[in-house]
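Here, each number is a calculation from the coordinates, and none is a lab measurement. Being a predicted model, the structure only gives us computed values, none of them experimental. In this analysis, Cβ positions are derived from the backbone assuming ideal geometry, glycine residues included, and neighbour counts consider all displayed protein chains.
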Amino acid sequence: MYVWSKRIVISLLVLFGILEVVFWVTSSGGEASLLATRTTHWMALNYFLLLVWVFVWMFDQARVRGKNIWVWMVPFFVAPLPTLMAFVLVLQRRAK
């Protein structure tokens with residue numbers, strides 16, 4: 001399975017880390033949000049359903065290739081995007 005090159009995945013992981021640091025540094029927490037409550041609810045629902053869809057895909061890919069999906073559970077719940085990228089890279093490795 002060839003989806004991404006290692007250079008692209010590593011670049012995306014670094015970019016994700018930088019954006020996370022920027023987000024946490026700039027959010028002071030003292031100001032009120034400009035988003036409506038229903039907007040944040042829709043965003044959370046869409047994100048949750050995307051996570052379910054991605055996990056089902058990961059489960060299916062691991063099952064087809066005979067890999068263990070359960071070791072990916074905790075990292076997936078902590079940081080889904082980097083876990084997905086690492087999972088794809090692991091599936092790309094050729095069996096020896």
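Computed from the Cβ-Cβ distance with R0 of 30 Å, the FRET efficiency linking THR40 to MET73 stands at 0.70.
When peptides 58-68, 81-91 are ranked by their average number of other Cβ atoms within 10 Å per residue, the highest-first order is 81-91, 58-68. A Förster radius of 22 Å combined with the Cβ-Cβ distance from LEU19 to LEU49 puts the calculated FRET efficiency at roughly 0.50.
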